[in-house]
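What follows is a set of notes on a single structure, which appears directly below.
The values are calculated or read from the model by the stated rules, or taken from the named source; none is laboratory data. For clarity, every value in this text was computed on a predicted model and none was experimentally measured. FYI the Cβ positions are ideal-geometry reconstructions off the backbone, even for glycines, and counts take in every protein chain you see.
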């Protein structure tokens, strides 16, 4: 029996590392302190808290990290980067992951899915090919 997970987890009051995950078709956005965690460790914590058994692979530094996608159970890590509080109502999402190079930063569709029923405005700040920056503005 799996536990109910928060859709958005962790503090967003400063700079943090963030992962974007779909689990059974639902989007999850998890934050961890910037100075403390690798993206792979955040992802491991997500999978463990979800009571999901997972397989690992070696990253470029020969560390065991969770595989990005599994059909059974149904999960996929789609983005990994950084969040940064810009103001009381705005959070910036950008960057990538040293453990998951092939993810190329934050994914807009996932942010839209996470905040679908929230009063927010998502603004694309730049248009680099490999690292877009998104501002999520709370409209409440």
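Some values worked out for this structure:
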read-out	value
Residue in the range 28-40 that is at pLDDT 85 or above, assigned to a loop (DSSP other than H, G, I, E, B), within 18 Å of residue 111 (Cβ to Cβ) and touching a helix residue (DSSP H, G or I) at 6+ places or on another chain (Cβ under 9 Å) present	no
Residue check, residue 87 out of contact with any helix residue (DSSP H, G or I) (no Cβ under 9 Å at 6 or more places or on another chain), part of a strand (DSSP E or B) and within 19 Å of residue 133 (Cβ to Cβ)	no
Residue check, residue 66 crowded, with 17+ Cβ neighbours inside 10 Å, within 20 Å of residue 28 (Cβ to Cβ) and more than 13 Å from the chain's Cα centre (by Cα)	yes
Checking residue 18 against (1) closer than 23 Å to residue 84 by Cα; (2) outside any strand (DSSP E or B), the condition it does not meet	(2)
Single match in 79, 105, 96 (criterion: touching a helix residue (DSSP H, G or I) at 6+ places or on another chain (Cβ under 6 Å) and closer than 16 Å to residue 132 by Cα)	79
Residue among 86, 90, 78 that is touching a residue at least 12 places away in the same chain (Cβ under 8 Å), in contact with a strand residue (DSSP E or B) (Cβ under 7 Å, 6 or more places away or on another chain) and surrounded by fewer than 15 Cβ atoms within 10 Å (Cβ to Cβ)	86
Some residue of the range 53-74 being closer than 20 Å to residue 107 by Cβ, assigned to a loop (DSSP other than H, G, I, E, B), in contact (Cβ under 8 Å) with a residue 40 or more places away in the chain and out of contact with any strand residue (DSSP E or B) (no Cβ under 6 Å at 6 or more places or on another chain)	yes
